[in-house]
Amino acid sequence: MSVLHRKDILRTDLLSDEELELILSTAARFEGELQAGGRLHNMAGQILATLFFEPSTRTRLSFETAMQRLGGGVITVADSKTSSAAKGESLADSARTVAGYADVIVIRHPRQGSAQEVADAVDVPVINAGDGAGQHPTQALLDVYTIQKETGAREGLTVTLAGDLKYGRTVHSLSHLLARFGCRLFFVAPAGLEMPARITADLRKVGAEIGETTDLVAAVGESDVVYMTRIQRERFEDPAEYERLRGSYVIDSALLQQAKPGITIMHPLPRVGEIALEVDAYEGAAYFRQVANGVPIRMALLALVAGRE
Ligand code: NCD
């Protein structure tokens, strides 16, 4: 059994180097097996529960695809209004109930720390699919998998993370992994949406070189990868503040003319205007390939925590 057997996947800063390498190499193996047309049965007889208390398209469907590609079954709560949460049941009680049915739980919830609460309440492995403005570790894993595939490298790259760095959980998780690979990071955010100081301090502690700026053009001019994010409207108390900040940064062809040649453009999606449609034709536009990489990464995570890799 691997080091990840029966483990929870809650935050990227809690993954060891060994665990990280194991996830990436297992994903590459599964991807190869899928491409060769293989039918996999690693998770036969196992049930995955996906509990989504916030909207999702890619994360939930790719977890469910991953489980089915491995021959396992899926039960889901995709709309909390139809579950007992609507009757006032606590998250811990809902989780204990689901742990009686399923072998692995994947949870997305608006409260930061919610995945940890679920993990504390149950014995089955719990995977965090986004806890409010906290973390989104499985997205970050598919992001580094994508960076490796797209650039052929990962150590020593220069990467710009742009947009809503305050509330964006994907960049919180991703920055920890990039720092570990010795990447140079540029953080580009409008005033008020900067990367939380606590995270920047943690990254600097592990030796990350970080440039914080509001100048997207200057940052992409030096970057191998730009990772764009959406302003997280659902986290704003004041809708006027969201309206003021949306559209702060947009990647379009004019901007790309000033970017480093061959730059890779990524986004966790959904985009709501941060990447102009004209950019889709650019060969470095990797965001839809990035989405597809979610399946092998999530296959690897499910199989590893279940001891079925
Ligand atoms: C992200 C999320 O939910 O944090 N979406 C995703 O899982 N691909 C990014 C976002 O919603 O902006």
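For the range 60-71, the condition of being open to solvent by 60 Å² or more (accessible area, probe 1.4 Å), within 30 Å of LEU178 (Cβ to Cβ), away from the ligand (no atom under 16 Å from the Cβ) and not assigned by TED's automatic domain parsing to the domain that holds ARG198 holds for at least one residue.
Filtering the range 209-249 to residues that are away from the ligand (no atom under 16 Å from the Cβ), in a helix (DSSP H, G or I) and either of a type outside the set (A, V, I, L, M, F, W, C) or open to solvent by less than 30 Å² (accessible area, probe 1.4 Å) (or both) leaves LEU216, ALA219, VAL220, GLY221, PRO239, GLU241, GLU243, ARG244. Pairs linking a residue in the range 79-101 that is outside the structural domain of ASP120 (by TED's automatic domain parsing) to a residue that is part of a helix (DSSP H, G or I), with Cβ atoms under 8 Å and 6 or more positions apart or on different chains, do not occur. Test GLU64 against the criterion of being within 30 Å of ALA36 (Cα to Cα), without any contact (Cβ under 8 Å) to a residue 60 or more places away in the chain and not in a strand (DSSP E or B), and give yes or no. Considered against the rule, which asks whether it is within 30 Å of ALA36 (Cα to Cα), without any contact (Cβ under 8 Å) to a residue 60 or more places away in the chain and not in a strand (DSSP E or B), GLU64 comes out as yes.
Anything in the range 174-193 that is within 14 Å of the chain's Cα centre (by Cα) and surrounded by fewer than 24 Cβ atoms within 10 Å (Cβ to Cβ)? List them, or say none. Even if it seems obvious, please write down each step before you answer.
Filtering the range 174-193 down to residues within 14 Å of the chain's Cα centre (by Cα) leaves 174-178.
If the condition is that a residue be within 14 Å of the chain's Cα centre (by Cα) and surrounded by fewer than 24 Cβ atoms within 10 Å (Cβ to Cβ), then HIS176, LEU177 are the ones that fit.
Picking from residues in the range 271-287 that are part of a loop (DSSP other than H, G, I, E, B) and open to solvent by 60 Å² or more (accessible area, probe 1.4 Å), the one that is nearest to the ligand (Cβ to nearest atom) is VAL272. The residue that is farthest from LEU256 (Cα to Cα), among those in the range 288-309 that are in a helix (DSSP H, G or I), touching a helix residue (DSSP H, G or I) at 6+ places or on another chain (Cβ under 9 Å) and open to solvent by 10 Å² or more (accessible area, probe 1.4 Å), is VAL295. Filtered by the rule that a residue be part of a helix (DSSP H, G or I), in contact with an Asp or Glu (Cβ under 9 Å, 6 or more places away or on another chain) and either near the ligand (Cβ under 10 Å from one of its atoms) or not assigned by TED's automatic domain parsing to the domain that holds TYR242 (or both), the range 138-171 gives ARG169, THR170, VAL171.
Could you check how many residues of the range 103-131 are within 16 Å of the ligand (Cβ to nearest atom) and either surrounded by 21 or more Cβ atoms within 10 Å (Cβ to Cβ) or not in a loop (DSSP other than H, G, I, E, B) (or both)?
In the first step, residues of the range 103-131 are kept if they are within 16 Å of the ligand (Cβ to nearest atom); the result is 106-115, 127-131.
When the remaining residues are screened for being either surrounded by 21 or more Cβ atoms within 10 Å (Cβ to Cβ) or not in a loop (DSSP other than H, G, I, E, B) (or both), the result is 106-109, 114-115, 127-131.
Count: 11.
Hey, PRO268 hits all of (1) surrounded by fewer than 19 Cβ atoms within 10 Å (Cβ to Cβ); (2) part of a loop (DSSP other than H, G, I, E, B) but one; which does it fall short on? Unmet condition: (1).
Are any residues in the range 1-17 without any contact (Cβ under 8 Å) to a residue 40 or more places away in the chain, of a type outside the set (S, T, N, Q) and under 19 Å from ASP143 (Cβ atoms), and if so, which ones? Give the derivation first.
Step one: list which residues in the range 1-17 are without any contact (Cβ under 8 Å) to a residue 40 or more places away in the chain, which gives 3, 14, 16.
From the residues that got through so far, the ones that are of a type outside the set (S, T, N, Q) too are 3, 14.
Across the range 1-17, the qualifying residue is only LEU14.
Which ones in the range 143-157 are buried (at least 19 other Cβ atoms within 10 Å of the Cβ) and among the basic types (Lys, Arg)? Of everything in the range 143-157, just one residue is buried (at least 19 other Cβ atoms within 10 Å of the Cβ) and among the basic types (Lys, Arg), namely ARG154. Within the option set LEU20, LEU48, being part of a helix (DSSP H, G or I), in contact (Cβ under 8 Å) with a residue 40 or more places away in the chain and away from the ligand (no atom under 16 Å from the Cβ) holds for one residue only, LEU20.
The values are calculated or read from the model by the stated rules, or taken from the named source; none is laboratory data. Note that the coordinates shown come from a computational prediction; the quantities given were computed from them, not determined experimentally. When we count neighbours, we look across all protein chains shown, and the Cβ atoms used for this are built from the backbone with ideal geometry, even at glycine. Note: areas computed on protein heavy atoms with side chains; ligands, DNA, RNA excluded. Shrake-Rupley method; radii C 1.70, N 1.55, O 1.52, S 1.80 Å.
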